[in-house]
Amino acid sequence: MNAVTEPVDNLQSLTSLTVLNATAALERGYAALKAGQTVFDLRHVLTVDSVAVSVMLSWQRAAQQAGVKLELKNLPPALQSLTKLYGVCSLLFPTDVKLEQDGAALRNPAHDEFSPVKAPESVFSKKTQVAGDSAAHHHH
C-alpha cells in the first residue's frame with residue numbers, strides 16, 4: 001500500500017513551482033511516475049512562474065514516453081492562468097478540455113472573432129434590414 005500513497009503525498013507537498021525548485025520538482029514528478037503514479041495533485045502549488053509550465057510539460061512528456069497518461073489535478077488559479085497564458089491547456093489536459101462542456105470546448109473560441117469576416121458584409125446588412133422590416137410588420 002505504501003508505495004502508492006507516498007508519491008501522491010510527494011506531489012501534494014509541492015507548494016511552489018518556480019525557477020528555484022524546478023529541478024527538484026521535475027525529479028519529484030519523474031520519481032512519482034516511475035512509482036506508478038499517474039495523477040498529480042497540484043492543489044498546494046501556490047507560488048509559480050513561467051518555469052511551472054515547462055515542468056508540467058516535461059512531466060507529460062515523461063509520462064508519454066512511459067506509455068502512461070498523466071493527469072494534473074486541482075491546479076490553483078495561479079497555475080491555471082499560466083497554462084492559459086502560454087496556450088498549453090490542451091497539451092497539459094488533453095482529456096479535460098474535451099470533457100469540460102460537451103464538445104463546445106473543441107471549438108477554439110479564439111477563432112470565433114475571425115468567422116464573420118468570411119461572409120460578405122452585404123449579407124449582414126441585408127439580414128438586419130429584413131429583421132427591421134419584419135419587426136415593423138409585427139408591430140401593427
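Values quoted throughout were computed directly from the atomic coordinates according to the rules given, and no laboratory measurement underlies them. Values in this document were obtained by computation on a predicted structure and should not be read as measured data. Glycine gets a Cβ as well: all are built from the backbone with ideal geometry, and neighbour counts include every protein chain shown.
Cβ crowding within 10 Å ranks Leu85, Leu57, Leu75 as Leu85, Leu57, Leu75, fewest other Cβ atoms first. Amide H to amide H, with H built 1.01 Å from N, Ala35 comes under 5 Å of no residue 5 or more places away or on another chain. Database remark: amide H of Phe40 closer than 5 angstrom to the amide H of Glu71, Leu72, Lys73 (H placed geometrically; neighbours at sequence offset of 5 or more, or on other chains; Pro and chain starts carry no H). Near Val48, the amide H atoms lying under 5 Å from its own belong to Leu17; only residues 5 or more places off or on other chains count, and H is placed 1.01 Å from N.
Residue by residue, segment 71-80 carries 3J(HN,Hα) couplings of 10, 9, 10, 6, 6, x, x, 4, 6, 4 Hz when phi is fed to the Karplus relation 6.51 cos²θ - 1.76 cosθ + 1.60 (θ = phi - 60°); x denotes Gly or Pro.
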